[in-house]
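Reading through the structure tokens given below for one structure.
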Amino acid sequence: MKTICFFNSTEAWGGGEKWHLEASTHLHALGHPVLVIAHIKGELYNRLLTSGIQCLGTRVANLSFLNLLKIRSIKKILEGHNVGTIVMNLSRDLKLAGLASKWAGIERIIYRRGSAIPIKNSWLNRYYFNHIVIEVLVNSHATKKTVLALNPTLFPEDKIKVIYNGIDMDTFLGKPTQPCYQKKDADELVLSNLGRLEFQKNQKFLIDIAAELKRRKLKFKLLIGGEGRLREELVNKAKNLHVQEQIVFAGFIENPKDLICSGDIFVLSSLWEGFGYVLAEAALCKKPIVAFDCSSNPEVVVDGSTGFLTPVDDVKAFADKVQYLAQHPKQRKEMGHRGFIFAHENFDSKSIQEKIVNYLVYGR
């Protein structure tokens, strides 16, 4: 039986790393030989140390694929572990490990793409997708569209497989919840948001929303969970718009439920999401959602049923939906209930992991 290798050089922790951890752990538990090559100082590597899964540490830079010694080193590792399938996470991983895999004669070279951003139509990408990559695995139909958005002949569409990210329902729902915010008054509306404080997550828009809701004299609090490079800029913007009293920057949140369950409505301002884990988690917490009608959001949020989707960066439309939900608590509850059912039926890790096994082990 040949080994399935997961190659992920990201140091930080995110949705891609969570996917690699869960997929490798599940396959290992079923008795399939698994190897993970991860950033030696990364969170994925750290979490795998006590798992019993073979895990090797590495570092990869954007130009590592130009280093012949590095390519040969990876090639030797893959050959030594009898790898038959490799799944790579980042563009830089593909450039390095993809080339090493080709030299090692690996049958299935899979690029897993989790970001709904169009792939550049560069000569280097055309080379890799024509000569190195055998299959592409994506986490949503929106992500699949972005693979070919700038070049419809870049890669055969029938070789792009869609498998949604899964959530361990028993673990997620079974975790005890410790709300990170308590309402000051019963009629206070609490909005929650969770994500890295980075450009993609677009929390600056939410501060504009806070200013608009304050102008409309809505009694509310906005909880923003997460850390990132834009924290100081966001705090300053809140002060400049005089909404610092309405916004709580909650910092890093270990258990998403602690923040999500503290709110009445979950709001997401991301400009793109390959697959919105946090949207599915909010649905499982029975919270109605207001988010943008873009990328994969319509695959996770059923507009008008489990939440509302609005045009990107449209302050009035977004605030209108929040205000509507604020004034209609019965609809909030009904939307939350429908969202729970939808997430449970579509994103349960048991069925998702079965699809991953069928794909990686049996090629279907």
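Being farther than 21 Å from K161 by Cα and not in a helix (DSSP H, G or I) is the filter here, so list the residues in the stretch 337-352 that pass it. Those that are farther than 21 Å from K161 by Cα and not in a helix (DSSP H, G or I): none in the stretch 337-352.
So if I check each of K221, K239, which one is assigned to a helix (DSSP H, G or I), more than 21 Å from L173 (Cβ to Cβ) and of a type outside the set (F, W, Y)? From the options K221, K239, the qualifying one is K239. Out of I53, I40, one residue alone is closer than 30 Å to K350 by Cβ, of a type in the set (A, V, I, L, M, F, W, C) and surrounded by fewer than 21 Cβ atoms within 10 Å (Cβ to Cβ). It is I53. Among the residues of the stretch 126-163, those identified as over 17 Å from L90 (Cα atoms) and either of a type in the set (D, E) or in contact with a Gly (Cβ under 9 Å, 6 or more places away or on another chain) (or both) are A142, E157, D158. Within the stretch 145-173, the residues that satisfy the criterion of being exposed (fewer than 12 other Cβ atoms within 10 Å of the Cβ) and farther than 22 Å from I356 by Cβ are P152, T153.
Restricting attention to the stretch 304-315, the residues that are surrounded by fewer than 16 Cβ atoms within 10 Å (Cβ to Cβ) and under 20 Å from the mean Cα position of the chain (by Cα) add up to 0.
In this structure, does C261 turn out to be closer than 16 Å to G195 by Cα, crowded, with 16+ Cβ neighbours inside 10 Å and in the same structural domain as E227 (by TED's automatic domain parsing)? Please lay out each step first, then the result.
Numbers: closer than 16 Å to G195 by Cα: yes; crowded, with 16+ Cβ neighbours inside 10 Å: yes; in the same structural domain as E227 (by TED's automatic domain parsing): yes.
When the stated conditions are applied, C261 passes them.
Is there a residue being of a type outside the set (K, R) and closer than 24 Å to V162 by Cα anywhere in the stretch 323-335? No, because not a single residue in the stretch 323-335 is of a type outside the set (K, R) and closer than 24 Å to V162 by Cα. Scanning for something hydroxyl-bearing (S, T, Y), assigned to a helix (DSSP H, G or I) and touching a residue at least 12 places away in the same chain (Cβ under 8 Å), does the stretch 56-68 turn up at least one residue? Taking every residue of the stretch 56-68 in turn, at least one turns out to be hydroxyl-bearing (S, T, Y), assigned to a helix (DSSP H, G or I) and touching a residue at least 12 places away in the same chain (Cβ under 8 Å).
The values are calculated or read from the model by the stated rules, or taken from the named source; none is laboratory data. None of these values were measured; they are calculated from a predicted model. Glycine also receives a Cβ, built like all others from the backbone with ideal geometry; neighbour counts cover every protein chain displayed.
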